[in-house]
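Colleague: The structure's right below; bear with me while I get my questions together.
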Amino acid sequence: MCTSAAVVNGIHPGPLIVAQKGDNFDVLVTNNLTDPSMTLDTSIHWHGIFQRGTTWADGPEGFSPNGQAGSFWYHSHFGQLSIDTQLCHFAHSWLASGNQYCDGVRGPIVIYDENDPHRALYDEDNEDTVITADGESTVPTDPVDGIQIFAGQRYSFILHANQNMSDNYWIRANPNIGPSDQFQGGVNSAILRYVGGPEVDPTTPLPPSLEFLRESDLHPFANPAAPGLPQIDGSDFNQTFEVNFQGGRFLMNNASWQAPSAPILLQILTGSNASELMPQASIVHLRRNQVVQLNITSISSVATPHPFHLHGHAFSVIKSADSDTFNFENPVRRDVVSIGGVGQFAVIRFVTDNPGPWIFHCHIEPHLSVGLAVVFVEDFENILPSNPIPQSWRDLCDAFERSRPTLPASLPQA
């Protein structure tokens with residue numbers, strides 16, 4: 001049985017983008033989708049790139065990493081009812097269905113740092129699939145046998161090639177759902193083959209138990225302290241989000257994200273006041289240069305755990321879901337965090353130093369599609385002065401409208 005896929009340059013995953021720290025990106029994105037059974041619009045989000053001064057580029061074809069380095073990725077944020085907040089492409093996204101990045105529109109980005117502080121620890125550095133988490137350099141941890149990677153997360157790790165040099169070994173990726181034998185026939189598996197090893201499948205068995213990396217054991221390499229005071233009430237803005245599931249939709253504090261008829265950045269561009277931005281129930285306004293603390297927990301066991309991703313920022317995880325301890329001294333910084341199952345919770349902090357409308361959402365796309373998101377409108381008054389929008393971005397809106405069939409007379413309002 002054949003199924004349709006949306007792919008980049010005819011391959012899946014999409015082609016690797018490699019750059020050096022400080023490079024500017026100019027990526028030509030051409031939409032050649034024609035299968036009417038799938039979503040025909042598309043956009044690309046450069047996941048983990050903060051877009052300082054270019055909030056409008058959190059979706060289109062050019063961007064600057066502003067000194068960031070590490071492992072990132074690109075993926076569509078289209079084909080769902082609750083998509084990203086930036087492009088005019090999203091103005092009529094309520095017409096779309098499906099989850100396009102799950103259909104194949106995704107690929108890796110690696111930004112190398114020639115002054116990598118960990119360079120003395122390894123002999124070779126290449127892009128092939130722990131010293132960084134989500135692009136943030138960490139203090140090397142003790143050796144582990146496995147890493148649990150939630151949707152949207154990235155890790156860079158050092159592999160010690162210290163086994164029998166004439167042998168082959170399985171590298172296994174074990175999904176959290178699926179058949180009991182996840183590796184039958186080489187599925188979810190790759191081969192680590194030493195030079196000169198035989199061209200045969202490895203015979204290494206799956207170990208009966210593995211020592212997994214704990215997020216709470218990761219610590220930043222530089223500037224390790226969490227922002228704010230080193231105490232539970234040490235932030236300027238404190239918000240608790242309770243995740244629930246009712247009537248086929250996810251809710252955050254009883255509100256389910258519904259994409260508005262016009263994206264939030266476009267609403268701001270066309271003169272809306274802060275109090276007029278839609279959808280009001282899913283928007284949180286933040287002032288400039290505040291320390292923001294978010295406490296996120298699930299009160300429903302449906303499809304937990306949820307990995308939450310924040311656009312425009314990395315954050316300090318002052319309490320991981322896998323730990324009962326608060327860490328203000330040296331908590332890991334990243335941009336995707338698991339909030340755990342019922343009875344667990346995560347606490348994060350970040351500083352509002354990047355004006356823009358930034359979505360905070362579960363990175364399991366079907367969950368985002370049914371409402372698991374909010375948008376932080378950060379420093380409303382300075383969003384446009386801090387992010388001059390080029391004419392080429394505005395031209396995308398006209399091109400998009402010309403490409404669309406006639407739309408209904410009235411668009412549904414969120």
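Colleague: How about the stretch 348-379: which of its residues are in contact with a helix residue (DSSP H, G or I) (Cβ under 7 Å, 6 or more places away or on another chain) and among the hydroxyl-bearing types (Ser, Thr, Tyr)?
Modeller: Within the stretch 348-379, none qualify.
Colleague: Need the failing condition index for Gly271 against (1) more than 30 Å from Leu384 (Cα to Cα); (2) out of contact with any strand residue (DSSP E or B) (no Cβ under 6 Å at 6 or more places or on another chain), just the number.
Modeller: Of (1) more than 30 Å from Leu384 (Cα to Cα); (2) out of contact with any strand residue (DSSP E or B) (no Cβ under 6 Å at 6 or more places or on another chain), only one is false for Gly271: (1).
Colleague: Still on this model: Please determine, by comparing only the residues of the stretch 341-360 that are within 17 Å of the chain's Cα centre (by Cα) and within 15 Å of Pro307 (Cβ to Cβ), which one is surrounded by the most Cβ atoms within 10 Å (Cβ to Cβ).
Modeller: Ile348
Colleague: Return the residue satisfying two criteria in turn: it lies in the stretch 167-203 and is farther than 18 Å from Thr129 by Cβ and among the β-branched types (Val, Ile, Thr), and of such residues it is modelled with the lowest pLDDT.
Modeller: Applying the filter and picking the extreme gives Ile177.
Colleague: Continuing with the same structure: Name the strands (runs of 3 or more DSSP E) wholly inside the stretch 193-309 in which the number of residues that are surrounded by 12 or more Cβ atoms within 10 Å (Cβ to Cβ) and of a type in the set (Val, Ile, Thr) is 3 or more. Don't jump to the end; show me each part of the working.
Modeller: Numbers: elements: 237-246, 249-252, 283-286, 291-298.
Counting at least 3 such residues, we get 291-298.
Colleague: Still on this structure, I have one more. Here is a list of conditions, (1) buried (at least 16 other Cβ atoms within 10 Å of the Cβ); (2) in contact with a helix residue (DSSP H, G or I) (Cβ under 9 Å, 6 or more places away or on another chain), and Tyr169 meets all of them except one; can you say which number that is?
Modeller: (2)
Colleague: Test Ala161 against the criterion of being in a loop (DSSP other than H, G, I, E, B), out of contact with any strand residue (DSSP E or B) (no Cβ under 7 Å at 6 or more places or on another chain), within 28 Å of Gly107 (Cβ to Cβ) and small (Gly, Ala, Ser), and give yes or no.
Modeller: Working: in a loop (DSSP other than H, G, I, E, B): yes; out of contact with any strand residue (DSSP E or B) (no Cβ under 7 Å at 6 or more places or on another chain): yes; within 28 Å of Gly107 (Cβ to Cβ): yes; small (Gly, Ala, Ser): yes.
It is true that Ala161 is in a loop (DSSP other than H, G, I, E, B), out of contact with any strand residue (DSSP E or B) (no Cβ under 7 Å at 6 or more places or on another chain), within 28 Å of Gly107 (Cβ to Cβ) and small (Gly, Ala, Ser).
Colleague: When only residues in the stretch 93-125 that are at pLDDT below 50 and open to solvent by less than 20 Å² (accessible area, probe 1.4 Å) count, which is nearest to Ile264 (Cα to Cα)?
Modeller: Residues of the stretch 93-125 that are at pLDDT below 50, as a first pass: 93-98.
If we keep only those that are open to solvent by less than 20 Å² (accessible area, probe 1.4 Å) as well, we get 93, 96.
On the way: Ser93: 13, Ala96: 18 Å.
For the stretch 93-125, the residue satisfying everything is Ser93.
The values are calculated or read from the model by the stated rules, or taken from the named source; none is laboratory data. Since the model is a prediction, treat every value here as computed from it, not as a measurement. For neighbour counting, all protein chains shown are included, and Cβ atoms are generated from backbone atoms with ideal geometry for every residue, glycine included. With ligands, DNA and RNA removed, areas are computed over all heavy atoms of the protein, side chains included. Shrake-Rupley method; radii C 1.70, N 1.55, O 1.52, S 1.80 Å.
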